[in-house]
Amino acid sequence: MFHVNENFLKIPGSYLFAEIAQRVQRFRNSHPETELIRLGIGDVTQPLVPAVIDALHRGVEEMAHRETFKGYGPDYGYDFLIQAILKGDYESRGICLDRDELFISDGSKCDVGSIQELFSPDARIAVTDPVYPVYVDSNAMAGRAGDFTGDHWNRIVYLPCSAENGFVPEMPQEPVDVLYLCYPNNPTGTVLTREQLQHIVEWARKEHVLIIYDAAYRAYITTEGIPGSIYEIPGAEEVAIECCSFSKTAGFTGTRCAYMVIPHAVKGMDEKGRLVELNGLWKRRTSTKFNGVSYPVQCGAAAVFSPEGQVQIRKVIAGYMKNAAIIREGLTRRGYEVWGGKDAPYIWLKIPGHQTSWDFFDVLLEKAGVVGTPGSGFGPCGEGYFRLTAFNTEEATRAAMERFSRI
Ligand code: PLP
């Protein structure tokens with residue numbers, strides 16, 4: 001009999017959203033009359049914008065004719081999309097990248113989950129806490145997380161982010177090899193100022209730490225001066241890999257397209273002490289395991305950077321951010337302490353009293369018929385907090401705030 005990867009068996013329970021789905025299903029079975037309002041999972045609800053739809057149609061039409069049909073595309077993405085991103089998302093921020101430093105993929109989840117294949121098996125991983133679970137679980141599957149003891153992994157270094165430190169992580173005293181950062185943050189909705197990010201980049205350069213910077217929510221930043229890309233910080237191109245996605249920027253959660261930047265200057269060391277470019281390793285890995293994103297989807301993604309595409313996606317994002325403001329104001333009025341919702345579609349609230357996050361989840365579900373996400377699902381420091389998202393309709397968001405009076 002073959003042996004399974006034991007690391008998978010160490011990963012506790014079901015994935016956060018599976019547990020939520022089970023509890024919601026149980027509630028629906030016992031309360032079929034209640035109309036639920038979902039402010040839980042971070043999925044968009046508005047349709048793709050017309051510029052994207054037109055480009056998708058054009059891409060599909062090209063696939064219908066022998067002269068324009070496309071078979072396998074380039075493993076790292078079509079040039080037209082790479083150029084559109086370099087110009088629309090990087091040059092526009094004053095960041096100059098080589099075209100082969102950018103890789104198109106079918107999602108940031110795959111990118112942030114797979115990038116650990118480049119790390120040595122014993123690399124020490126640091127994450128902010130609370131954290132998007134994929135960073136931790138993908139390293140746990142590879143055996144780098146150690147053992148799960150109660151609410152945390154004993155080989156992962158957790159950097160607490162709470163009201164006490166204003167959700168700004170302090171860099172660890174112990175040695176680490178890799179630090180995952182996500183800003184604007186999921187789940188807390190908080191951001192780092194340029195100075196705070198610069199401090200982290202300087203620390204990473206000094207300590208030779210690789211930063212994986214997840215900027216999936218950069219399109220939601222509204223505060224002047226908040227960095228949308230880590231490469232806005234000088235020197236970051238030597239220590240940071242950056243991921244970004246069309247999912248939350250342009251509603252591609254079901255369409256699938258993302259990109260990752262691996263500058264040539266980012267290097268690791270091999271056993272003999274030689275420096276190795278991570279860019280080359282990722283190219284090797286990608287050409288072995290990936291055959292590119294479908295042509296019509298890349299056409300649709302490129303249209304996001306057209307002038308009309310930009311106007312249209314900005315309007316959708318503004319709609320979500322209006323919901324975020326409704327949630328912030330609604331909760332603040334009811335006396336909750338809240339963070340986020342200004343530069344991110346997530347609102348992070350402090351649960352009053354001594355209830356756990358799952359207790360609060362159950363109370364909110366049962367008394368108000370509102371579904372949110374328990375903070376403890378994102379790491380030990382998430383206990384005592386709760387995440388709401390701005391992705392529902394304005395009407396449902398307002399109704400959810402009204403229902404908070406029932407709890
Ligand atoms: N990174 C973060 C921080 C996310 O919250 C999400 C999705 O919720 C992703 C990545 C996944 O993005 P994608 O849909 O591109 O896989």
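The values are calculated or read from the model by the stated rules, or taken from the named source; none is laboratory data. All values reported here derive from a predicted model rather than from experimental measurement. Glycine gets a Cβ as well: all are built from the backbone with ideal geometry, and neighbour counts include every protein chain shown.
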Open item on the list: Condition (residue is surrounded by 14 or more Cβ atoms within 10 Å (Cβ to Cβ) and either closer than 30 Å to residue 227 by Cβ or within 23 Å of the chain's Cα centre (by Cα) (or both)) applied to the range 56-73: is it met by at least one residue?
Closed with: no
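Name the single residue, out of those in the range 361-396 being of a type in the set (Ser, Thr, Tyr) and surrounded by 24 or more Cβ atoms within 10 Å (Cβ to Cβ), that is nearest to the chain's Cα centre (by Cα).
The extreme case among them is 389.
Look at residue 251 and say whether it is touching a residue at least 60 places away in the same chain (Cβ under 8 Å), within 16 Å of the ligand (Cβ to nearest atom) and more than 17 Å from residue 111 (Cα to Cα).
Yes, satisfied.
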- [ ] Of the conditions (1) away from the ligand (no atom under 16 Å from the Cβ); (2) farther than 19 Å from residue 45 by Cβ, residue 298 clears all except one; give me its number.
- [x] (1)
Open item on the list: With the condition being in contact (Cβ under 8 Å) with a residue 12 or more places away in the chain and within 16 Å of the ligand (Cβ to nearest atom), I'd like the helices (runs of 4 or more DSSP H) fully within the range 6-125 carrying at least 2 qualifying residues.
Closed with: 16-30, 79-85, 108-114
Open item on the list: Any residue that is within 16 Å of the ligand (Cβ to nearest atom), touching a strand residue (DSSP E or B) at 6+ places or on another chain (Cβ under 7 Å) and modelled with pLDDT of 95 or more - is there at least one of those in the range 168-175?
Closed with: yes
- [ ] Name the residue, out of 314, 334, that is among the charged types (D, E, K, R) and over 26 Å from residue 53 (Cβ atoms).
- [x] 334
Task: Among residues of the range 261-319, those that are touching a residue at least 60 places away in the same chain (Cβ under 8 Å), aliphatic (A, V, I, L, M) and over 25 Å from residue 69 (Cβ atoms), counted - done: 7
TODO: Would you check which residues across the range 149-184 are without any contact (Cβ under 8 Å) to a residue 12 or more places away in the chain, not acidic (Asp, Glu) and not in a loop (DSSP other than H, G, I, E, B) and list them?
DONE: 149, 165
Open item on the list: Whether any residue in the range 107-114 is in contact with a Ser or Thr (Cβ under 8 Å, 6 or more places away or on another chain), closer than 15 Å to residue 178 by Cα and surrounded by fewer than 21 Cβ atoms within 10 Å (Cβ to Cβ) is what I want to check.
Closed with: yes
TODO: Could you list, in sequence order, all residues of the range 342-358 that are touching a residue at least 60 places away in the same chain (Cβ under 8 Å) and of a type in the set (A, V, I, L, M)?
DONE: 344, 347
